[in-house]
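Reading through the structure tokens given below for one structure.
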Amino acid sequence: MNGRRGGRRRGMGPGVDSRAMRPGPASRPGRAAAPTPVERDSIVTAIDFAAFVNDLADLSARTIAPFFRSAMTMENKAGQGAFDPVTEADRAAEAAMRARIRQTFPAHGVEGEEYGDERASSEYVWVLDPIDGTAAFISGLPLWGTLIGLKRNGAPVYGMMCQPFIGEKFYGDCGQSRYQRGAETRVIRTRRCASLAEATLSSTSPHLFSEAEAGAFDQVRRAARLTRYGADCYAYCLLAAGHIDLVIEAGLKPCDIAPLIPIIQGAGGVVTTWDGQPATHGGRIIAAGDPTIHAAAMRLLAGAA
């Protein structure tokens, strides 16, 4: 992780090679043939890449907007006795983003919530969750977001969370993270928190834990000053922005967390599994704004089977 701050260029972290990020010929209207590698190296910049991710989020937002707080088709992806909804909006937004990536970066892979993996062994792989927080989405609550991440050789190097109804974007590259709303753009940082007794804790729902997980989580909850539920991906972004101190969840898929890792780390936070492993593949996740309470919460979670 690159610890430099204010003087860094925006939009691309040290894990992204601009030569590999060059667009394919389909993204360059008006040109008869693809440019040579030398030409492409001189054309593509970090700003081009940041603009692409921003445009991808805007494309998803335009696709999703007509569905929010309206009648829509919904299915339950979960088995009997569980509820994991998917809507027309989820599928339409992911399909639109996949098509744009395929057109612009044909050599890149894609991992998505709704349509699975394409070329997952590629050096660069996009990770998409068009609506993280579908339960909130179908309930009319604006606590959902579009997650867009990029991995290089399996490691997350860039991520964005876009909440188009509110108009907020959080994005980071493991070295710096930013918040954007309208014309406002600013660097965000996690806040210091000396102990769990001073911490604000968040989790999507206490009912998503197994019995053993719930017992371990409850130890942290009792130690924390305040606990809030129901924020899904928003909680991690609020942690990065210094409003929440700790997020603990279980059962996450890779697309639920991989795009958020560069945002959290870029803001100075820590994110791992409950046993201290990289969070890229999902599972039981703990994110903290301050390493002190990350370690303290990890000790309390250690008893979970």
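Side notes on the structure shown:
- Filtering the range 116-132 to residues that are of a type outside the set (A, V, I, L, M, F, W, C) and in contact with a helix residue (DSSP H, G or I) (Cβ under 6 Å, 6 or more places away or on another chain) leaves Asp129, Pro130, Asp132.
- Among the residues making up the range 120-153, those that are in a loop (DSSP other than H, G, I, E, B), surrounded by fewer than 24 Cβ atoms within 10 Å (Cβ to Cβ) and of a type in the set (A, V, I, L, M, F, W, C) are Ala120, Leu141, Leu143.
- If the condition is being surrounded by 20 or more Cβ atoms within 10 Å (Cβ to Cβ) and free of Cβ contacts under 8 Å to residues at least 60 places away in the same chain, then the range 219-237 contributes Ala224, Ala235.
- Here Asp117, Asp90 are screened, and the one residue that is surrounded by fewer than 17 Cβ atoms within 10 Å (Cβ to Cβ) and at pLDDT below 95 is Asp117.
- Within the range 179-192, residues that are polar (S, T, N, Q) sit with their Cβ atoms under 7 Å from residues that are assigned to a loop (DSSP other than H, G, I, E, B), at 6+ positions apart or across chains, in these pairs: Thr190/Gly242; Thr190/Ala267; Thr190/Gly268; Thr190/Gly269; Thr190/Gly289; Thr190/Asp290.
- Among residues of the range 253-291, those that are surrounded by fewer than 22 Cβ atoms within 10 Å (Cβ to Cβ), in a loop (DSSP other than H, G, I, E, B) and within 12 Å of the chain's Cα centre (by Cα), counted: 3
- For the range 96-105, the set of residues classified as at pLDDT below 95 and either part of a loop (DSSP other than H, G, I, E, B) or closer than 17 Å to Ile131 by Cα (or both) consists of Phe105 only.
- Sub-6 Å Cβ pairs linking a first residue in the range 98-117 that is within 18 Å of Cys255 (Cβ to Cβ) to a second residue that is hydroxyl-bearing (Ser, Thr, Tyr), at least 6 apart or interchain, are His108/Ser122; His108/Tyr124; Gly109/Ser122, ordered by first then second residue.
- Only one of the listed residues (Glu211, Glu249) is more than 13 Å from the chain's Cα centre (by Cα), more than 28 Å from Val110 (Cβ to Cβ) and not assigned by TED's automatic domain parsing to the domain that holds Trp144. That residue is Glu211.
The values are calculated or read from the model by the stated rules, or taken from the named source; none is laboratory data. As the structure is a prediction and not an experimental result, all values here were calculated from the model. Cβ coordinates were reconstructed from backbone atoms using ideal geometry, including for glycine residues, and neighbour counts include every protein chain displayed.
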